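We did not get these values from a lab; they are worked out from the coordinates using the rules stated. Just so it is clear, the structure is predicted and the values come from calculations on it, not from any experiment. Positions of Cβ are backbone-derived with ideal geometry, glycine not excepted, and every protein chain shown enters the neighbour counts.
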Amino acid sequence: MVKIRDGVVANRPVYLAIGIDCEGAKNVLGLWVGPSTGESSKFWLTVLSELKSRGVADVCIVCCDGLTGLPDAIGVIWPQATVQLCVVHLIRASLRYASKKDWGALTKDLRLIYTAVDEQAADTALDAFAEKWSTRYPTIVRLWRSHWAEFVPFLAFPPQVRRVIYTTNLIESMNARLRKVTRNRGQFPTEQAALKVLYLAVRNLEDYRGATVGIRSSGWLSRPDTRCRHCCRSVSPGRSPNPACVSPRTGLSTIGSLRHGSVAGRGSGSCRPGIGIG
């Protein structure tokens, strides 16, 4: 939320879209100031039509956090796109209806749902959850059943892909940095003034991190300090990891960056373009 003076000062939401292409590069696709009355299908149709006219011809997966009217607009602009509801937001919404003393037991039982091997196993876990908690927290059970169609798509993918598309935490991380820019600025005279400040903040972040920085992005293997954490042998830039370092259990190589302390899997993960909106 940013304060914008348009006759009167009002809190206005700013929406952010981040796209990930087949090469693993992340790019901010746009920033939009929403109406103070809340979003709608008409607003999202305008946003998505703009993205399509700028070159986003098709999208495989769209991860969003339950914004009103967004799934319907996606179905109009990209009919074949898969809409995935952010699992983290769904869990947070569930805990709002529960006593804090039950959070531990609830999250433990909910974990059995979103870590199920497939949709059928998840449905069985939801039935068990409903049998245990429906008497005390019927609203939570209704919440999961009403959002089931948007929750289950990611269960059709292997674990390597699920970790990328099950949450909008990538956007939450970006939002936290943008809030640092707007926190002490009070109010903005116009929408354009607010967007200029946020745009410059995004540019600074992109210049600092780059589009392919991250444990699941391409390009990290070419860093000269990349080593295998099992045999401590350097990996030459542009070359594949040592086959001996591939985990027999997962089929993924265990190459880590000593400088950043990160570990990434590479080899068998599916690569699908998508965008996140929040």
In nm, to one decimal, how far is the modelled label at N169 from the one at V117, with both set 7 Å along Cα→Cβ?
2.5 nm
Can you tell me which of 183-195, 136-148 comes out highest on packing, and rank the rest after it, using the mean Cβ neighbours within 10 Å?
136-148, 183-195
Based on Cβ point charges of +1 for Lys and Arg and -1 for Asp and Glu, what charge dipole magnitude is obtained for segment 87-156 about its Cα centre, in debye rounded to the nearest 20?
520 debye
For segment 1-156, percent of DSSP beta bridges that are antiparallel (nearest 5) comes out at 75 percent
What pairs from K108/K132; K100/K180; K42/K180; K42/K196 go past 20 Å between their alpha carbons?
K100/K180; K42/K180; K42/K196
Efficiency by 1/(1 + (r/R0)^6): what FRET value for D102 and N11, r their Cβ-Cβ distance, R0 = 51 Å, to the nearest 0.05?
0.95
Dipole of segment 1-137, positive end: most advanced residue of C22, S99, L112 [Cβ charges, Cα centre]:
S99
